[in-house]
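Just so it is clear, none of the values below were taken in a lab; they were calculated from the coordinates. Computed from a predicted model, the values in this text were never measured in an experiment. Backbone-built Cβ (ideal geometry, glycine too); neighbour counts: all protein chains shown.
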Amino acid sequence: MSAPLLSVVVPAYNEEAGIEETHRRLTAALSGMGVDYEIIYVDDGSRDRTADIIQSLRVNDGHARLLGLSRNHGHQIAVTAGLDAAGGDAVVIIDADLQDPPEVIPEMYERFREGYDVVYGRRSGREGDSAFKRLTAFMFYRALNALTDAEIPPDTGDFRLVSRRAADAVREMPEHDRYLRGMFAWIGFRQTAVEFRRGKRFAGETHYPLRKMLKLAASGVISFSVKPLGAIAALGLVMAGAGLAWLAVLLVLALAGRRGLGINTLAAMMIECAGLVLAALGVVGGYVGRIYREAQNRPLYRLARREGFDDR
């Protein structure tokens, strides 16, 4: 009987400066585990030499595979493409920047052999992150769990090992705006954590600036909760009550002979209410836009290259 196959999915976008070191450390970590393995690099429409370097790695190492997306589809879609192509009994998801250490994979695999379907990496520390980044990350995960219906483990990212049935369960979820860490939390099964200290990016610049982080956070909330819609309704009731109360106050002041309060106060209230209405429309628009994209039913991605695979 052949050894179990372990698939490692590595999304990469403009990682020419570090992809060779990523492959070296992955190979060092995986080669001593006593399992057959494959490393699936997903080139997410890179504009540098990332794809060419991966192709060179593939030619020299039979464990390496290359998926090339037709354009930049984004990190979550790139990981999904890798999951679709993975043939292993277990699948590891790890970024190419080496902030998540490949040396943790053997420990994750041991937890998998103990019967866990999802083994996620939990960050015990973050090297190189500013105090602002650490604070916002801490607040993000706590706020996300307060707003969403799925219990997403705090201080985790996409770095994890999942069983074949867990990977297949997520692959059956066809939504286009994907938040994978929430999707893996939603499917259930036995899950556990392996703690590690997150390192600095090996080379290059982060592909997740604040704007993209906020977009991912919004996607996570909209994907797993309708609580923001309920919050809008509650806010509307509070504003309506406050408006009626203030009108009553103005009426009493007018009867008492006070003048000049009404116009300025009402103007300020109208501006405030207009801002709240626009913000509420933005939240509702997020859900409507999600419905529109799903109704289009377009494929999640298109492949431009697929090299190193068998007939799977």
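Once a ≥ b ≥ c are taken as the square roots of the eigenvalues of the Cα gyration tensor of the stretch 15-94, is the result rounded (a/c under 1.5), prolate (a/b larger than b/c) or oblate (a/b not larger than b/c)?
oblate
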Quick one: 3J(HN,Hα) in Hz for the stretch 103-120, Karplus 6.51/-1.76/1.60 with θ = phi - 60°, rounded, Gly and Pro as x. 5, 7, 4, x, 5, 4, 5, 4, 5, 4, 5, 7, x, 8, 8, 10, 10, 9
In order through the stretch 77-91: 3J(HN,Hα) via Karplus (6.51 cos²θ - 1.76 cosθ + 1.60), integer Hz, x for Gly, Pro: 6, 4, 5, 4, 4, x, 4, 4, 8, 5, x, x, 5, 9, 10
How do Ser124, Ser7, Ser163 line up, fewest other C-beta atoms within 10 Å first? Ser124, Ser163, Ser7
If amide H atoms are built 1.01 Å from N in the plane of the peptide, which residues on other chains or at least 5 residues away come under 5 Å of the amide H of Gly74? none
In terms of modelled amide H atoms, which long-range or inter-chain residues lie less than 5 Å from the amide H of Ala304? Gly68, Leu69, Ser70
Which ³J(HN,Hα) values in Hz, rounded to whole numbers, follow from the phi angles of the stretch 48-61 under the Karplus curve 6.51 cos²θ - 1.76 cosθ + 1.60, where θ = phi - 60° and Gly and Pro get x? 10, 8, 3, 5, 5, 5, 4, 4, 5, 4, 5, 4, 8, 9
Would you mind checking which residues have amide H under 5 Å from Glu38's amide H? H placed 1.01 Å from N; only 5 or more apart, or other chain. Leu6, Ser7, Val8
